[in-house]
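Each value in this text was obtained by applying a stated rule to the coordinates, not by laboratory testing. Note that the structure is predicted; figures quoted are calculated from it, not measured. Cβ placement follows ideal geometry from the backbone for every residue including glycine, while neighbour counts extend to all protein chains displayed.
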Amino acid sequence: MRRHLLQLLCLCPITAWAGPPYLTDDPDPVDYQTFEIIPAYSLDRARDGSEIDGPIADFNYGIWPDMHLNIQGGFAHALPQDGPSEFGIGDLRVALKWRFIKETDDRPEIAIYPAMVLPTGDAGKGLGNGQVSYQFPIWLEKNWGTGWSSYGGGGWTLNRAAGQRDYFYGGWQLQKQLSEAWNLGGEVYSQGSTGTGAAGWTALNLGGGYRLDPHASLIFSLGHSFAGASQALGYLGVDFTWGRD
């Protein structure tokens, strides 16, 4: 079963409605000296069992213009098809997003978002990877018209834990700002085999967000694979942001 899929993803600013709740990330960093935290639950269901990650917390802080630090951690609930369920602390993710090209009329914005996942969860209970893993993605985005935006990209995961393997992943997302409060979108996301006996898959994921107030938004997504291994995905969280007046 694919472990902590959503915990390996990147965060993004609330104003863009991007990254969580989607699997595909965008290149927008959190504004300089701005905080963002997303308490959330995520579901990853495969043929051999399910995993519920939650409560988890995504934390971002704009440490420099066009750059933010991300820390994510929390609890995991492993529900294998054959065997007892387990609950405990999951792995801890630390990442740094750097937007090195800004968007213009003629070009998209582009960012890199390297990440390191620390093995703080108990791999013997199915709650962690068991060894440090790394991700090296690149993301780009273009905005146009009245509220339309699209972003995507991909990268490479380096994972040498027992039974695991390196793999490519990537996706593309399209979204529309329907009003000041509502945003809806969809993505196609794909990843290769993550370990021994684990097939790759490609999924369609639909989601969006509703702005509760200027500093908080409800975000959600639901999806399922349409090629490769059977994979059901879900995400529900609340995005809080605050910064300098």
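Quick notes on this structure:
- Simple Cβ-charge dipole of segment 68-175, Lys/Arg +1 and Asp/Glu -1, about Cα centre, in debye nearest 20: 200 debye
- Between Met116 and Leu212, the contour length at 0.36 nm per residue exceeds the Cα-Cα span by 31.3 nm.
- Each residue, Tyr134 and Asp82, gets one label point 7 Å from its Cα in the Cβ direction; the gap between the two is 3.6 nm.
- Trypsin sites (Lys or Arg not before Pro) restricted to segment 54-146 and DSSP loop, no more than 12 other C-beta within 10 Å: Lys102
- Loop-located trypsin sites (Lys or Arg not before Pro) in segment 161-245 (DSSP state other than H, G, I, E, B) with a sparse environment of at most 14 neighbouring Cβ atoms within 10 Å: Arg244.
- Förster-model FRET efficiency, 35 Å R0, Ala181 and Arg47, C-beta, rounded to 0.05: 0.40
- Table column - 3J(HN,Hα) (Hz), segment 123-130, Karplus curve with 6.51, -1.76, 1.60, x for Gly and Pro: 5, x, 9, x, 9, x, 7, x
- Spatial separation of Cα centroids for segment 23-81 and segment 184-241, in angstrom: 12 Å
- Modelled FRET efficiency - R0 35 Å, Trp98 with His224, Cβ distances, 0.05 increments: 0.60
- Straight-line cross-link partners of Lys142 among the lysines, defined as a Cα under 25 Å from its Cα and at least 8 positions apart when in the same chain: Lys97, Lys102, Lys176.
- Positive-end ranking of Phe59, Gly147, Leu233 along the dipole of the chain, with charges on Cβ about the Cα centre, is headed by Leu233.
- For Ala161 and Leu174, the difference between the fully extended length at 0.36 nm per residue and the C-alpha to C-alpha distance is 1.3 nm.
- Model label points for Lys142 and Tyr61, set 7 angstrom from Cα along the Cα-to-Cβ axis, are 3.7 nm apart.
- For segment 96-149, a/c is not less than 1.5, where a ≥ b ≥ c are the root eigenvalues of the C-alpha gyration tensor, and a/b tops b/c. That puts it in the prolate class.
- Each Lys and Arg Cβ is given +1 and each Asp and Glu Cβ -1; about its Cα centre, the chain then shows a dipole of about 500 debye.
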